[in-house]
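Take a look at the structure set out below.
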Ligand SMILES: Cc1ncc(COP(=O)(O)O)c(C=O)c1O
């Protein structure tokens with residue numbers, strides 16, 4: 001059982017997952033941020049590996065990716081940095097990024113490298129389900145990696161069941177069809193959608209992401225799912241200044 | 001026609017090596033001692049070392065189960081083909097060890113209902129000609145009999161398929177036809193295959209068009225985040241239905257005729273012909289309304305968007321040609337229109353920005369990344385993610401997730417459809433020797449190639465932009481500089497760093513300034529069906545001037561790339577050569593003026 005499954009077995013609610021971009025704001029900050037986040041009470045980390053054309057991301061995460069790329073971040077360097085990960089961090093860690101860098105690195109090599117440094121799963125938004133099932137799944141599983149799929153309000157019931165069947169960690173519920181960095185507005189429609197998912201009694205736990213920026217929106221997410229994922233708001237908060245101070249200040253609102 | 005290839009009855013080590021190099025999907029070895037192609041004492045190592053994706057397949061006839069299992073282990077067979085009276089249970093007993101292909105001899109007396117018990121026992125069926133010797137007769141059976149086959153299980157088609165079968169195989173359109181099994185008709189002596197004939201056959205049986213999964217060979221697919229899935233799926237489910245609808249066809253062709261001004265002329269350019277010692281025909285897409293081929297696609301997509309009930313149209317544009325063509329059809333049909341354009345391109349292409357605005361479109365500046373076409377495409381995709389219900393995204397070339405490349409090529413295929421007719425009228429022969437077109441994403445080229453692709457006598461030449469030279473660091477010669485990867489929703493060839501970051505291209509022509517090509521182009525390139533060449537900025541501008549002064553036609557700089565390649569070809573006289581003149585040069589006057597000091 002990997003750390004993700006372990007976590008969801010032990011903790012059922014208020015799970016807080018934080019996304020940040022590797023190599024941002026400073027090229028060497030990747031591990032320091034991870035350590036600070038765990039110390040400040042994060043449950044899961046999602047470390048983004050940057051890509052030149054991140055179509056699912058809004059301006060803030062795009063800019064962090066660009067800055068990281070300009071500084072020289074790539075998968076080789078990231079895996080080098082992550083050798084320190086498990087000396088400092090015990091919570092589940094996912095890598096998140098787009099499929100092309102993974103293809104160029106080599107899928108098998110990528111999965112092995114993840115396993116070696118203690119990564120528990122991946123989120124690759126533009127890797128289609130059929131491709132995953134046909135070509136990637138075995139390699140992911142052999143290396144103990146959970147693949148996390150996204151679900152939006154437009155995803156059909158059949159497809160959600162299929163995603164549930166292929167998932168082995170948690171399912172990432174998008175609050176709305178949107179790029180990252182919008183504000184979560186729980187309208188009647190969103191509420192119906194979250195309740196619909198909850199009523200489906202899926203095998204996998206669910207986490208709500210995209211648009212969670214405050215304690216209030218996080219609490220809302222926790223009402224409908226096992227927890228929430230914060231990306232843009234956190235990335236913004238560490239743009240300048242001391243990493244540990246910024247992380248602590250940010251986390252205080254959620255973990256007080 | 002789409003099918004995998006199985007080559008069966010191999011036994012000679014050198015011949016096996018050559019066959020493996022061809023990468024058939026299956027390579028078959030006969031373990032039936034009574035066969036002329038029995039492998040006899042062939043060293044198991046020869047079979048064991050054959051790498052995937054070639055699936056080594058053992059062919060058995062009523063063999064003891066244990067013997068088959070041992071053979072699978074000893075030879076590391078990936079599949080078994082059972083050619084006798086093996087029972088469903090027998091098949092099941094092997095299903096954990098290898099893929100199971102159950103063969104049946106077909107003749108008029110064959111009862112297809114007898115297949116039922118095998119439905120969940122075998123992975124595939126194989127239909128062979130019924131003979132007393134369990135296949136290998138070299139004769140075909142009547143494929144019409146397959147109309148009686150009603151199950152969903154995919155099958156291999158076998159029995160007497162030879163080089164001359166290509167034409168009739170292309171007629172078969174059965175989605176269950178999984179693979180073609182070839183054997184004796186490609187042999188010089190039993191067990192020894194003619195590799196040259198097989199190579200030709202493989203290039204024919206492999207379709208150049210999209211398969212049911214949205215792929216062209218290794219390329220294509222729909223690499224999109226879940227947020228785009230419902231949109232793209234809605235399109236995928238409906239596009240062929242809508243396009244093939246009689247009412248759609250009528251409206252589409254009426255608009256092409258009365259609004260766009262089609263058919264566009266096919267003009268025999270006499271002075272260019274004299275210069276190159278061949279009959280140079282120009283397909284005059286430059287005479288279309290809005291000045292380029294782009295409008296063929298936007299007319300098709302706007303009619304489709306209306307039928308899907310969409311109220312809002314978005315598009316990306318580089319030079320502004322596709323943006324103008326999109327804004328035009330939106331004005332025509334009264335739909336809201338938002339065009340994404342890179343900040344840098346907005347400054348480079350001011351007249352087209354003004355046209356779009358006058359047509360009522362909102363032009364949004366893409367300020368992310370490198371601020372050019374690829375980033376405008378990213379922004380359009382982000383808009384679509386954020387507007388999942390009422391918006392249709394009119395992609396401007398044969399790129400993007402499936403079904404876009406197929407859909408756009410269908411709308412552009414009017415170019416080659418007309419060309420064939422016009423050639424027949426003008427020369428008495430609808431088969432040119434060459435067709436040439438420039439490639440940005442590849443839509444005018446795909447339209448120009450479409451009806452010639454399956455006719456291998458017609459040589460297809462795709463001209464990419466070399467920019468300041470392929471090695472200069474300022475180039476857009478994608479097939480030359482690129483590698484396989486994923487960009488904008490499909491697997492294709494793109495210019496990228498070793499780490500998979502997309503590289504910014506360069507070309508003097510904004511329409512060719514794109515780091516990828518459509519997936520079908522990647523497939524035509526990899527199968528060598530089309531030749532991909534490149535032309536520098538300087539060569540294209542000179543060719544533009546030459547065409548202007550010899551024929552009185554100022555071509556778009558994009559199209560001038562295709563013209564420029566004529567300089568590098570040699571003709572013996574009498575060849576018919578069609579060049580797609582994809583657009584007119586009005587938009588490029590600034591560049592021409594600066595370059596030639598006019
Ligand atoms: C006149 C002209 N030709 C060619 C192109 C390149 O596009 P494609 O390769 O899709 O035909 C463009 C693109 O803007 C164009 O305007």
(message) Whether any residue in segment A:128-137 is under 17 Å from the mean Cα position of the chain (by Cα) and more than 13 Å from every other protein chain (Cβ to nearest Cβ) is what I want to check.
(response) no
(request) Restricting attention to strands (runs of 3 or more DSSP E) lying wholly within segment B:224-320, give those where 1 or more residues are more than 16 Å from the ligand (Cβ to nearest atom), in contact (Cβ under 8 Å) with a residue 24 or more places away in the chain and within 14 Å of another protein chain (Cβ to nearest Cβ). (result) B:312-317
(request) Can you tell me which residue within segment B:403-458, out of those that are in a strand (DSSP E or B) and within 16 Å of the ligand (Cβ to nearest atom), is surrounded by the most Cβ atoms within 10 Å (Cβ to Cβ)? (result) B:438
(request) Scan segment B:496-528 for residues that are more than 10 Å from the ligand (Cβ to nearest atom), in a loop (DSSP other than H, G, I, E, B) and under 21 Å from the mean Cα position of the chain (by Cα) and report the count. (result) 3
(request) Quickly run through segment A:138-162 and pick out the residues that are closer than 26 Å to residue B:491 by Cα, in contact with a helix residue (DSSP H, G or I) (Cβ under 7 Å, 6 or more places away or on another chain) and at the interface with chain B (Cβ under 9 Å from one of its Cβ atoms). (result) A:149, A:150, A:151, A:152, A:154, A:155
(request) Would you point out the residue of segment B:346-402, among those that are within 13 Å of another protein chain (Cβ to nearest Cβ), touching a residue at least 60 places away in the same chain (Cβ under 8 Å) and part of a strand (DSSP E or B), that is farthest from residue B:488 (Cα to Cα)? (result) B:391
(request) Take segment B:529-562 and flag every residue that is more than 14 Å from the ligand (Cβ to nearest atom) and either under 29 Å from residue B:222 (Cβ atoms) or not assigned by TED's automatic domain parsing to the domain that holds residue B:446 (or both). (result) B:529, B:531
(request) Hey, can you tell me all the residues within segment A:56-98 that are away from every other protein chain (no Cβ under 12 Å), in a helix (DSSP H, G or I), touching a residue at least 40 places away in the same chain (Cβ under 8 Å) and surrounded by fewer than 18 Cβ atoms within 10 Å (Cβ to Cβ)? (result) A:71, A:88
(message) Looking at segment B:329-361 only, could you name the residues that are in contact with a strand residue (DSSP E or B) (Cβ under 9 Å, 6 or more places away or on another chain), farther than 22 Å from residue B:505 by Cβ and within 14 Å of the ligand (Cβ to nearest atom)?
(response) B:356
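The values are calculated or read from the model by the stated rules, or taken from the named source; none is laboratory data. Keep in mind that what you see is a predicted model, and the values were worked out from it rather than measured. No Cβ is skipped: glycine too gets one built from the backbone with ideal geometry, and neighbour counts run over all protein chains shown.
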